[in-house]
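The values are calculated or read from the model by the stated rules, or taken from the named source; none is laboratory data. If you're wondering where the values come from, they're calculated on a predicted model, not measured in any experiment. Methodologically, a virtual Cβ is constructed for each residue, glycine included, from the backbone with ideal geometry; neighbour enumeration extends over all protein chains shown. Heads up: the accessible areas ignore ligands, DNA and RNA and are worked out on the full protein's heavy atoms, side chains in. Shrake-Rupley method; radii C 1.70, N 1.55, O 1.52, S 1.80 Å.
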Amino acid sequence: MALRTQVGIIGAGPAGLLLSHILHLQGIESIVLEKSSRDDVEAIIKAGVLEQGTVDLMIAIGAGERLMKEGMRHEGIILRFSGRDERIDFPALTDGKSVMIYAQHDVIKDLIEARLESGGDIRFEARDVSVYDLDSDAPKIRFRGKEGEVNEISCDFIAGCDGSQGVCRPSIPAGALNVYERLYPFGWFGILCKAPPSSDELIYAMHERGFVLVSTRSPEIQRMYFQCEPTERLDNWSDDRIWAEFRARLQTRDGWAPKEGPIFSKTVIGMRSMVVEPMRYGRLFLAGDSAHVVPPTGAKGLNLAASDAQILARAFAAYYKARRSDLLGQYSATALRRVWKATRFSWWMTSMLHTFPGADVFQRRLQLAELDYVTGSRVACAALAENYVGLPIEQ
Ligand code: RFL
Ligand code: PHB
């Protein structure tokens with residue numbers, strides 16, 4: 001079937017869905033192609049921390065009702081090291097800003113509902129998606145629909161919002177992109193368990209045995225991670241062994257211990273930083289994880305997807321409303337300024353908090369000195385807080 005739209009969007013993750021909905025509110029039409037089923041995209045367990053700007057965006061586009069009811073406002077985090085807890089107070093250090101704990105799959109559910117209620121066109125289970133004629137005025141997307149039929153969409157523009165394993169970035173000719181990458185020599189072992197929260201605020205704990213993050217999802221479900229080998233196998237870890245590891249790494253001087261409960265999900269996550277430049281080739285624009293990946297320590301990935309979508313939507317709006325191409329021309333540079341700052345912050349948090357294989361006592365002492373400094377100096381903790389709650393989007 002031959003189809004036509006203004007902006008063809010590949011990927012129904014946070015970047016693609018936010019972009020599609022913001023464009024709709026500006027009177028710009030789009031078709032979203034997603035390779036997975038609706039049930040599958042609504043079930044993927046990923047991020048949990050939304051910056052204030054991401055929350056404000058969800059509210060502004062009319063998708064924030066459940067988030068405001070069920071999301072949990074967090075006004076600080078705890079850095080735990082040398083058996084002691086130091087709190088970073090976000091509102092006091094950032095003129096009142098905070099973050100919201102709300103699962104990424106709930107953000108996805110709310111955005112899909114908002115899109116479909118307003119007549120949005122999302123094609124789930126789109127197979128063999130490919131992009132053509134990217135450097136012409138009429139780029140095209142081909143895909144197979146649910147029944148196996150071949151479809152072609154003629155677009156004014158294509159937005160590659162298909163994550164780090166998508167088809168858009170690899171469709172750009174080699175030589176037209178620069179890829180900058182860092183691999184970290186560890187991963188995260190993540191669990192979900194049925195238990196009450198162990199702490200009112202997230203705990204980022206540095207320990208010789210490795211980093212631990214105590215996060216949460218709801219009053220009944222908790223999310224926790226411990227640093228592991230990048231190739232760690234899930235079946236090496238019984239529930240008892242997992243809890244023993246958490247207890248060992250989370251020790252405090254007053255004998256604090258996490259609340260335990262049945263573990264119903266275990267995953268190992270690799271850690272890397274990656275940025276591609278520019279985030280554009282001809283009429284293909286990359287947004288979110290398709291253009292950059294950060295290690296999860298700074299809680300920035302989803303929030304960068306949201307800021308890219310906002311910057312790109314503003315550029316499309318200027319094009320369709322005022323025939324201005326300047327914002328589209330500046331999209332990559334504008335987005336990359338924020339991306340690189342979040343890449344730096346995520347790299348810094350990761351480097352400060354993890355145990356590096358082969359690290360000697362000198363390196364360890366430096367890490368502890370850095371944590372001592374960050375938590376003891378008002379300017380240093382203000383810098384952490386300002387980045388954690390999210391830097392502004394520059395014009
Ligand atoms: P996504 O979410 O990967 O969505 C891309 C979508 O594109 C689809 N797709 C295709 N569709 C059609 N044809 C193809 N060929 C396709 N190839 C792919 C996919 O099925 C998918 O639906 O990318 P997007 O929208 O850029 O969003 C990025 C975020 O998902 C990601 O950065 C965050 O989850 C990162 N992240 C966190 N970010 C935060 O801001 N705060 C956090 O607290 C946080 N914690 C995390 C995280 C990521 C984690 N993992 C699993 C890596 C915690 C973890 C454990
Ligand atoms: C999470 O709850 O999944 C989470 C929270 C904070 C992070 C990373 C992941 O830095």
Worksheet item: Can you pull out the trypsin sites (Lys or Arg not before Pro) in the range 130-160 that DSSP calls coil and that have at most 12 other Cβ atoms within 10 Å?
Response: LYS146
Discussion item. Let me cross-check SER136: its accessible surface, 1.4 Å probe, with only protein heavy atoms counted, in Å² to the nearest 10?
Written reply: 40 Å²
Worksheet item: Using the Kirkwood radius built from alpha carbon pairs, what does the Stokes-Einstein equation give as D for the range 1-83 at 20 °C and 1.002 mPa s, in µm² per second?
Response: 139 µm²/s
Discussion item. Can you tell me which aspartates and glutamates have their Cα less than 15 Å from the Cα of LYS35? Leave out same-chain residues fewer than eight positions away.
Written reply: ASP121, GLU125, ASP128, GLU147, GLU149, ASP162
Item to complete: Give the carbon-plus-sulfur fraction of the accessible surface of the chain in %, rounded to a whole number; probe 1.4 Å, heavy atoms of protein chains only.
Response: 50 percent
Worksheet item: Tell me, what ³J(HN,Hα) does each residue in the range 380-392 have, in order and in whole Hz, if you take phi through Karplus 6.51 cos²θ - 1.76 cosθ + 1.60 with θ = phi - 60° and put x for Gly and Pro?
Response: 5, 6, 5, 5, 4, 4, 4, 6, 5, 6, x, 7, x
Worksheet item: What is the magnitude of the charge dipole of the range 293-395 about its Cα centre, with +1 placed on the Cβ of each Lys and Arg, -1 on the Cβ of each Asp and Glu, and no other charges, expressed in debye to the nearest 20?
Response: 400 debye
Worksheet item: What are the ³J(HN,Hα) values, in whole Hz, obtained from phi via the Karplus relation 6.51 cos²θ - 1.76 cosθ + 1.60 with θ = phi - 60°, for each residue of the range 195-200 in sequence order, with x given for Gly and Pro?
Response: 6, x, x, 7, 8, 6
Worksheet item: Quick one: what Rg and Dmax do you get for the chain from the alpha carbons, in Å?
Response: 21.5, 67
Worksheet entry | Cα-based helix-to-principal-axis angle, 326-353 vs the chain, degrees rounded to 10 | 20 degrees
Worksheet, complete the sentence: Checking the range 279-365 for trypsin sites (Lys or Arg not before Pro) in a loop per DSSP with at most 12 other beta-carbon atoms within 10 Å yields ARG323
Discussion item. Using square roots of five times the C-alpha gyration tensor eigenvalues, list the equivalent-ellipsoid semi-axes of the range 115-189 in whole Å, biggest first.
Written reply: 27, 20, 13
Worksheet, complete the sentence: Cross-link reach from LYS194 to lysines, straight Cα distance under 19 Å and at least 8 residues apart if same chain, gives LYS46, LYS259, LYS266
Worksheet item: Dividing the alpha-carbon radius of gyration of the range 243-360 by 2.2 N^0.38 Å (N being the number of residues), what value is obtained?
Response: 1.48
Worksheet item: With charges only on Cβ, +1 for K and R and -1 for D and E, what is the dipole size of the chain about its Cα centre, in debye, rounded to 20?
Response: 500 debye
Practice prompt. Please report, in cubic angstrom per residue, the volume enclosed by the convex hull of the alpha-carbon atoms of the range 103-230.
Written response: 197 Å³
Worksheet item: Where does the charge balance sit around LEU134 when Lys and Arg score +1, Asp and Glu -1, over other residues with C-beta under 15 Å from its C-beta?
Response: -1
Worksheet item: Once the Cβ-Cβ distance between SER325 and ASP254 is put in as r, and R0 is 45 Å, what FRET efficiency do you end up with, to the nearest 0.05?
Response: 0.15
Practice prompt. If a/c stays under 1.5 just call it rounded; otherwise compare a/b with b/c (prolate if a/b is bigger, oblate if not). Do that for the range 270-310, with a ≥ b ≥ c from the square roots of the Cα gyration tensor eigenvalues.
Written response: oblate
Worksheet entry | Residues with amide H under 5 Å from that of ARG123, placed H, sequence gap 5 or more | VAL32, LEU33, GLU34
Discussion item. Under the √(5λ) rule applied to the eigenvalues of the Cα gyration tensor, what semi-axes describe the equivalent ellipsoid of the range 325-395? Give them in Å, descending.
Written reply: 32, 16, 7
Worksheet item: Taking Cα centroids, how far is the range 316-379 from the range 40-67 in Å?
Response: 21 Å
Discussion item. Rounding to the nearest 10 and keeping the result within 0 to 90°, find how far the Cα-based axis of helix 104-117 lies from the longest principal axis of the chain.
Written reply: 30 degrees
Practice prompt. Once you have the Cα-Cα distance between THR267 and GLU117, take 0.36 nm times their residue separation minus that, and quote the gain in nm to one decimal.
Written response: 50.6 nm
Response to the item:
Output for the range 210-318: GluC sites (Glu not before Pro) sitting in coil per DSSP, at most 14 other Cβ within 10 Å, listed by number, reads GLU220
Practice prompt. Using a Gaussian network model of the chain whose springs link C-alpha atoms within less than 10 Å, name the residue from GLY27, GLY48, GLY270 with the highest mean-square fluctuation.
Written response: GLY27
Worksheet item: Under a Cβ-Cβ cut-off of 11 Å, what is the net charge of the residues other than ALA176 that fall near it, where Lys and Arg count +1 and Asp and Glu count -1?
Response: 0
Discussion item. Quick check: convex hull of the Cα atoms in the range 234-291, volume per residue, rounded to a whole Å³?
Written reply: 162 Å³
Response to the item:
In whole Hz, the Karplus estimates of ³J(HN,Hα) for the range 263-279 (6.51, -1.76, 1.60; θ = phi - 60°; x where Gly or Pro) are 8, 10, 8, 9, 9, 10, 10, x, 10, 8, 10, 8, 9, 10, 9, x, 8
Worksheet entry | Under 16 Å from the Cα of LYS321 - aspartates and glutamates, other chains or at least 8 residues apart | GLU29, ASP156
Practice prompt. Note down the magnitude of the dipole of the range 1-130 about its Cα centre, charges +1 on Lys and Arg C-beta and -1 on Asp and Glu C-beta and zero elsewhere, to the nearest 20 debye.
Written response: 200 debye
Response to the item:
For ALA103, other-chain or 5+-apart residues with amide H closer than 5 Å (H placed, Pro excluded) are none
